[in-house]
Amino acid sequence: MRSQGGGHVDREGRFHAWGQLSVTIVAAYIVLFLVVLAVFRYEAGSAAWWTPWLLTVLILGSLARYLTTHYRIDDSRLHASRLLGGQTILLEEVRRIEYARIRDLSPTGFFGSWGWRGRMWSPIVGRFDAIYTDPVRGLLITAGEHPIYVSPRDVEGFARELSRRVRSYTGRLAADVGDPLGSLNVIEGA
């Protein structure tokens, strides 16, 4: 396994990269979990005895989804995944690779950026999927029916690796931040 671009290539030639993690976000989940444990006490006679258990499952499930955000590029596809969900894009369908910030693309909120599905709408690009951990440093990859926003740990290195593999199918793209000889068009504000 050789390391490159913030990720590594396995024996089958697949490039793996994890999502960018924030210590602050992980700590917030843990504090929220501890608050639930401290505030709610199990009482056998209580009608809502299940409330702390439900909240604990929701908090720990959300933390697990955050921690398992992973990206893999193989010979023909980009897989963006996390616990209980993901998206696959064919490399031959990629039309643009651009730096982006989720806040510039779309309004954020619980049902948008923190929603379970990750489907969002932007006045700039229309509907798009978002499988990310960092709303500030990411890539908008336009391919297939809907673009996808991802946030690998090393955005630049991931863009170079993705671009290299996409160029083997399509040649140079009109907007490709990973191509050392290509256009560096970016979404405004990124």
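Observations
- Residue in the range 23-30 that is polar (S, T, N, Q), surrounded by 11 or more Cβ atoms within 10 Å (Cβ to Cβ) and modelled with pLDDT of 85 or more present: no
- Residues (more than 27 Å from R65 (Cα to Cα) and either open to solvent by 40 Å² or more (accessible area, probe 1.4 Å) or at pLDDT 95 or above (or both)) located in the range 128-183: R164, R167, S168, Y169, T170, R172, A174, P180, L181
- Any chance I59 is among the hydrophobic types (A, V, I, L, M, F, W, C) and open to solvent by 40 Å² or more (accessible area, probe 1.4 Å): no
- Residues satisfying the stated conditions in the range 148-178, i.e. in a loop (DSSP other than H, G, I, E, B) and free of Cβ contacts under 8 Å to residues at least 40 places away in the same chain: G171, R172
- Selection within the range 62-111 - part of a strand (DSSP E or B), without any contact (Cβ under 8 Å) to a residue 40 or more places away in the chain and open to solvent by 70 Å² or more (accessible area, probe 1.4 Å): R77, T88
The values are calculated or read from the model by the stated rules, or taken from the named source; none is laboratory data. The shown structure was predicted, so the numbers you read here are calculated from the model rather than taken from an experiment. In this analysis, Cβ positions are derived from the backbone assuming ideal geometry, glycine residues included, and neighbour counts consider all displayed protein chains. Side chains are part of the model used for accessible areas, which takes the heavy atoms of the whole protein and leaves out ligands, DNA and RNA. Shrake-Rupley method; radii C 1.70, N 1.55, O 1.52, S 1.80 Å.
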